[in-house]
Structures are given as structure tokens and as C-alpha cells.
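All remarks here apply to the structure that follows.
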Amino acid sequence: MQMLARYKIAAAVIWMQAFVLVPSVFAAAPGSFDEMITAYSAAHAEKDVASLEKLVYWTGVREQEKLQVRKSFSGDISREIETVKVVDLPADQVTEYKLAGITFRPNLKPVKKLVVTFKKQDSTFEVTGSGYLLGQHAGAVYITTAAPVE
């Protein structure tokens, strides 16, 4: 019985350390692509959209586009990850588009792409993955998103 009590106390201490220390590891934006993979994976594992949002460079992004990014993250966390990796941008990567007469571009120059592949689900409509353009600003790596060009 005393062993079980020690185990419960040890487990509680480990849990509290994880709860207190892990968020502080990524309080600032990741400084490398590997850190981005780790931060994205950790936030996804916790199903924490707010932590995923902290990985995005929001400067110049309108509320409509912020909502779309949040919806994408919400969809992502409902799926189980198979892999998360950073890859070079494909040669045919679209980075600019026009919608309702407004031109949109990434708010940071894309340099890489975060590619998330999901495990197969039993579903007729299956999302197999997500991709997020990555840019760098002030020594940090961010998910970059569409912003209107002025």
C-alpha cells in the first residue's frame, strides 16, 4: 500500500512538471525547423489549438483568414498523426491568389513547408494530411499565412 502511495505521488510530481515546464519550452516561437516539428506535434498531442495558434505569424492577417487557420487546426487535432516533417517547397507551390478582387500572399516569405500526414481513418471522406508554409522572422520559425496585399 505504501508503494502505491509513493507511485501516485511520483506520478503526480511528473505530471505537474510536465504541465508547468512543457509550455514554457515553446513560450517563444521555435528557433529551428526541428523545434517547429516538436512544437506542432506537442500542441497537436494535447489537442491545444491555442498553442498551435502561437506558431503562426499573424502580422497583417485579417480575422477571416485567422478563422480559416483555426478551423484547419481544429480539423487537424481531430485526427491521429502518422508523420510530421519539414520539406523544401515544391516548385509548383502556389503562394499568391486572388479572392473577391483582393490579392493575398503569405505574410512571411515561405522557405519550407510543414507537412503533417494523418493515419488512415474509417471514413468515406478522408483527409490524409495538412501542409503549412513556414517562414522566418527575427530568428524564429513561424507558420505563415495569407494576408491581403496593400
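The values are calculated or read from the model by the stated rules, or taken from the named source; none is laboratory data. What you are looking at is a predicted structure, and each value in this text was computed from that prediction instead of being measured. Methodologically, a virtual Cβ is constructed for each residue, glycine included, from the backbone with ideal geometry; neighbour enumeration extends over all protein chains shown.
For this structure, a couple of remarks:
- Which numbered condition G101 misses (of (1) at pLDDT 95 or above; (2) farther than 20 Å from A29 by Cβ): (1)
- Test: residue in the range 12-26 that is polar (S, T, N, Q), within 29 Å of A146 (Cα to Cα) and either within 14 Å of the chain's Cα centre (by Cα) or at pLDDT 95 or above (or both): no
- Figure legend. Inter-residue proximity from the range 21-47: first residues assigned to a helix (DSSP H, G or I), second residues surrounded by fewer than 15 Cβ atoms within 10 Å (Cβ to Cβ) and at pLDDT below 95, beta-carbon distance below 7 Å, spacing 6+ or different chains. Indicated pairs: A42/V22.
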